[in-house]
1. When only residues in segment B:119-139 that are assigned to a helix (DSSP H, G or I) and more than 16 Å from A:C84 (Cα to Cα) count, which is nearest to ligand 6 (Cβ to nearest atom)?
2. Please find, within segment B:26-41, the residue that is farthest from ligand 4 (Cβ to nearest atom) out of those that are within 13 Å of the chain's Cα centre (by Cα) and not aromatic (F, W, Y).
3. Considering each of A:Q95, A:Q48, A:Q55 in turn, give the residue that is under 23 Å from A:I500 (Cα atoms) and within 14 Å of chain B (Cβ to nearest Cβ).
4. Within segment A:417-424, does at least one residue satisfy the condition of being on the phi > 0 side of the Ramachandran plot, within 10 Å of ligand 2 (Cβ to nearest atom) and away from chain B (no Cβ under 14 Å)?
5. What about A:E595, is it among the acidic types (D, E), out of contact with any strand residue (DSSP E or B) (no Cβ under 9 Å at 6 or more places or on another chain) and modelled with pLDDT under 90?
6. Among C:V89, C:V97, C:V102, which is more than 8 Å from chain B (Cβ to nearest Cβ) and in contact with a Leu (Cβ under 8 Å, 6 or more places away or on another chain)?
7. On the given criteria, is A:A638 within 16 Å of ligand 1 (Cβ to nearest atom), more than 15 Å from A:T601 (Cα to Cα) and outside any loop (DSSP other than H, G, I, E, B)?
8. Among the residues of segment A:95-144, write down those that are touching a residue at least 24 places away in the same chain (Cβ under 8 Å) and open to solvent by 40 Å² or more (accessible area, probe 1.4 Å).
Amino acid sequence: MTKAITRRGFVAASAATAALAASGTTLYGCATDAAQAAEHTASVVNTQCSACPKQCGYAAYVVDGSLDKVIGNATHPYAAGTLCARGFGSATESQAENRLNTPLRKNAAGFYDEIDWDTAITEIASSLKTIATDEGPQAIAAITDGTSTAQWYTSRLLAAYGSPNTYVSASAANTSIASGLALATGYSSYEPDYANAKVIVILGASTVDSPDPGTIAGLEAAKEAGAQIVMVDNRMSQSSSLATEYLGVHAGTELALVLSLAHELLNNATLYQAAAASMEGLDQWKAALSDYTPQWAAEITGAPADSIVSLSQSLAKAAPAACIDVTWMAMFGGSYANTGELARAVALTNTVLGCWNTKGGAYVAAPVDWTSCAFAPVATTVTDITATEAPLAVDGSAATLIRLAHDGSVRGLILVDANVVAEYPDPTYVEQALAACSLTVAVTPTMTETAKQCTYVLPELVWSESAQIPVVSGAKTPVVAVSSAVVEPAVDNARSVADIMTSIASSAGLTTAFPQTVEEAAAALCDCLNTDYDGACAVGTVAFGKTNQGVTDEATVAVWPTASGKVECVSAVADAAGVSACPVWVAPVASDETEGLYRLTTGNQALLFATELTDLAPLASIAKEYDLEGIWINADEAARAGIAEGDKVAVSNDHATATLNAHVTQLIEPSAVYMACHYGVENEDEKNANDLGVRQASFVPFALETGYGAPLLQESMVTITKAGA
Amino acid sequence: MMTRYGMLIDTTKCIGCYSCRTACQRQNDLLPDEGFIRYEHKETGTYPTVSVESVPLQCMHCEDAPCASVCPTGAAHMGADGIVEADQGRCIGCLYCMSACPYQVRVRNSKTGAVDKCRFCAVQTENGTTSCTCVEACPTHARIFGDLDDPNSELSKAIVERDAHPIAGDLTRAKIYYVR
Amino acid sequence: MTYEPIWGSIIAWYLFLAGLGGGAFVTSVFIRFRHPECKKLIRVGHIIAPVVVIIGLCLLMADAFAGFMHPLRFALLLTNFGSVMTWGVVFLAVFVVVTLIVLIMDFMHKESPKWLDIVGMVMGICVAVYTGCLLGVCQGFPLWNNALLPVLFLVSAVSTGMAAVLLAGVFVAPDEFNTVVSLKKFHFWLPVVEIALVMALLFITAANPSQAGWDSVMTIICGNWAIAFWVLFIALGLVIPIVLEYWMLWFAGHEMETSRTGQMISGFSDLGVLVGGFVLRLLIVSAALPITIVQPWIF
Ligand SMILES: Nc1nc2c(c(=O)[nH]1)N[C@H]1C(S)=C(S)[C@@H](COP(=O)(O)OP(=O)(O)OC[C@H]3O[C@@H](n4cnc5c(=O)[nH]c(N)nc54)[C@H](O)[C@@H]3O)O[C@H]1N2
Ligand SMILES: Nc1nc2c(c(=O)[nH]1)N[C@H]1C(S)=C(S)[C@@H](COP(=O)(O)OP(=O)(O)OC[C@H]3O[C@@H](n4cnc5c(=O)[nH]c(N)nc54)[C@H](O)[C@@H]3O)O[C@H]1N2
Ligand code: SF4
Ligand code: SF4
Ligand code: SF4
Ligand code: SF4
Ligand code: SF4
Ligand SMILES: [Mo]
């Protein structure tokens, strides 16, 4: 045993993985002789984690057909050589007990009949065709989970029917952040250069609370190099040790913080002058900011004015190696009435810092142009159905689509891996929206709350059971990650989303070309990135040059993809949409300082991603062991209400009432409570999740952010009382 | 010279992310409810001047291992290189070792009834892992594995530099060192 | 996280029955020396001793699931003589063998040699003490990890053993039951000693530097286990038997003591001792909290 370890040494995992992967697909483990070697023969398949949108690339070792080790790709910017708790915990997802294995169709009595695939595909294909013909392609729509294959095939199918209405479920929540950024810069996301930054202001703890390993590695490096990392949240997360400072603010108020930082920074002549060159309407914004002093912001946010002043000073000093980080900020991003404007304000403030595409600053993620691809995106002639109601939403708004369905404007709705009943505000409203459609199709590996509301349920293969469309990730050094099938399907009659969409297209006789296999599409897409698909499969994740790309390397952006070619402080579109022309203070809508009323905040936990993972046994068992589904309440407030740690409490408002365990803590501000999302799966088919926690969204009315169309997931107040008292 | 394996866990770096636990479960093929690592959490202060610490615990591979001294069958025993082993083929599942372990880090396999625990799995590396999985998986590099008897090992040096100590002082002469 | 006790009621039954068996044999030897004429009561003790211990062992084996599935592994039980459990297995094995031999001889109406009785009695005491040491070596539990527990378990074992023999005596040998006054007087004192021991145990545990000691005591006296502790153990198992027997032995007239009613009252107090004896094991096994869960080293 000693030998094994000394002989192999502590080779860096990265080097080992790369070398093994490069040497072919069949590998020998640490065997001392031939007999043992045979025993340990593993094949290595490069794939990706599908447990969250970061889609970390990893090498899956397969021994005798079953999954052995999983090793994160060292070259993947998010995996950074490992995976997170969710990645490891979901790797064996195909083994979940409750897999669906037969297409189902709801009968008149409301029960499901098993049907065969041909029937299901033919009926769905022709229903979609009938709707598209009779009521126009606008009347059909789809929501996917945004993973590459689901999104690629589903949007292609809908476009083939003439409909542009394919939305990403994530956009339910990150619409306003992406759109606010786009409104200002033309780019809908960016990536801080953590490792080289001098000052990073992180809005919302979840960058570190629901982390990908790459981001953590970057923050670790920054901290080691002496960077100032400020975490702004109304709750201090478990992972706060990654930051050097914590700045507590009232929930929903950091727009005020950012506006006052901008106010201070623009008083710095050097920064102002440098910024003016690349910003359109800076004067106007500066004028609009005149009242937003640190004292003013202190009143609103609860953060001390001198902390705000000194933060603005360190930002100014560190610029351009400094930025404000809203990361995905989807949840928090899609949560308050002011988050689109917050994103805009952040984009503008970062521009003032001069941080774009410079070392230690932040890199904008340039979208890939796929038009030269053999399977180029299919254009449609109509505009997306949510564009009128949510004109600012950069890729449309899934939540607005739900509203339109509720109002009867959508007839056919396909839901691919999107559990909209569980994940959108007011589950009853969403159920009604699904019921209002004449055709609803759920494509899903397991019977979810959403699937139960659909007319057709199609059993799907999970990620590890089929090949996938490649994913481009990272802004600073973009990579492409490929994904092959790892294990044989655990069920014999489920199909991949690619097969399902392709067969619907062919049954409907649509003219748009679909690839024969996912691999064919993947190869074509890789081609477009000047990358060899087979080569990529051997290593999993490969960097590609900037040949096809706009901005990547260390070059400041000369021309921004906006109307003026500059970063825009003033937006006529925003003005027309009922949002201010340049970002100003907007208060969150649900504010009530009555004693005993709390704002219900939410967010992700390190352990879970969406309801899909809540049901996975290794993750659910940890959630149970540590009571992670409990509701956080400030200890002083709890003492006043006679609530002790672990007590059962009743959480209540006009929309819902539920009982769960209290987590009494000093880690949260007194005026808010926190309930992690993705619990409260009310579905007896999901056995592990079924008795875990309460659904936060059921306390929230169905309401959307003006212009942006994001659901207001944190605009609700609740009372907390000791249960039975 | 003998090897005496040990580990360092730097709780000032640990973010309580559970990666080490699910990674250990995956790479060592444990049952979904079988976790070799458990966590204790401690918060201090009042909002907003507050802090929180996570302490991952797992088998300390004690030199004076109470689990091994109470185990009637010898299933729990001191193995080679200072690694305390849990022989699944000998264990009758009397759970005596679980009661005797002062750190509460032994777990009963709910399928076989036998008791298991951290294996210092670096010695079983193959198929991509090169050290203990929990060490490799930790995104903050809060863990170091190595030879305590080699004063030049990364581990021995870090123990001295960071002034690391077993969690319960001299009790059981544990071989996991903590930085607090 | 919440702490689930490692051992449950099956182990409590096992500890109780092992002690009871040991105590019953001690009782039968006691009777043989002090009241040799009470053959029926002696036989009752001879029967109870191996039977309850064997039942206890069966429970233990069934609880040890991995061994239950692979019975050959039980042979390995004799491999670590550093283990209290291994010694327990030795004591139990010798005890069962000796008591079975004595029982068989009894049925064959042969007098067992005195030395064999002594061996059995010593083994019975060892078994009773072992049940306390088994828990006592677990350093993580302040409620267990002290020298009083084996003594308490020994006293309780002898007390329950005597109670079982006397209780059976009420029904199978009422005459002999009336005869064994010295046994009854001896038996009377055991719950009294037990009360003192339990109080001492609780004080010592509560004073343990670890919070876990205090918490364990609190769960027993005013927490989840309070009703079991006060009603079933202290009242039914100790105080009521003490009061009843005190009255019966020193106040009630001989008439009363030997009447059927008197016997029934004594029987009731013996039943109380048995219930209390089991509840004591259950409390000790279940209410003990480990120091790591309450985190004394960690914080
Ligand atoms: N573990 C895990 N990771 C995930 C996911 C998951 O489900 N689980 N989901 C992935 C997906 S799809 C997305 S879109 C992203 C979402 O990731 P984020 O957009 O980062 O959102 P959340 O993780 O929900 O966290 C919101 C955080 O904001 C804090 N917060 C709430 N209100 C306020 C406020 O007013 N001000 C400030 N400053 N903070 C506030 C909450 O305490 C919480 O820490 O996460 C991704 N990563
Ligand atoms: N209250 C509240 N609501 C939220 C959020 C929140 O934080 N709080 N977050 C919002 C955000 S950011 C997002 S992205 C959305 C997420 O919402 P969704 O995208 O709807 O995510 P899930 O709820 O996980 O649903 C994913 C579904 O994918 C299917 N699926 C696909 N592949 C697999 C597989 O391999 N295995 C299994 N078991 N299932 C698979 C299953 O049907 C599963 O239910 O929710 C949004 N809604
Ligand atoms: S961050 Fe975690 S959950 Fe997300 S893709 Fe990577 S490993 Fe999977
Ligand atoms: S920590 Fe516990 S299981 Fe590990 S060697 Fe020490 S006593 Fe045994
Ligand atoms: S459960 Fe197994 S390892 Fe533990 S003491 Fe009993 S036989 Fe030994
Ligand atoms: S050393 Fe290996 S077995 Fe032990 S906890 Fe870490 S990963 Fe698990
Ligand atoms: S993986 Fe590292 S940071 Fe995460 S819980 Fe384990 S030790 Fe802590
Ligand atoms: Mo999302």
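The values are calculated or read from the model by the stated rules, or taken from the named source; none is laboratory data. The structure displayed is predicted, hence computed values, not measured ones. Because the Cβ atoms are built from the backbone with ideal geometry, glycine has one as well, and the counts that use them run over all protein chains shown. For accessibility, only protein heavy atoms count, side chains too; no ligands or nucleic acids. Shrake-Rupley method; radii C 1.70, N 1.55, O 1.52, S 1.80 Å.
1. B:C121
2. Looking at residues that are within 13 Å of the chain's Cα centre (by Cα) and not aromatic (F, W, Y), I get B:G35.
3. Residue meeting the stated conditions: A:Q95.
4. Within segment A:417-424 (the criterion being on the phi > 0 side of the Ramachandran plot, within 10 Å of ligand 2 (Cβ to nearest atom) and away from chain B (no Cβ under 14 Å)), the answer is yes, since at least one residue qualifies.
5. yes
6. Result of the check over C:V89, C:V97, C:V102: C:V102.
7. Judged against the criteria, A:A638 is not a match.
8. A:Q95, A:E97, A:N101, A:R105, A:K106, A:Y112, A:T122, A:E123, A:S126, A:K129, A:E135, A:Q138
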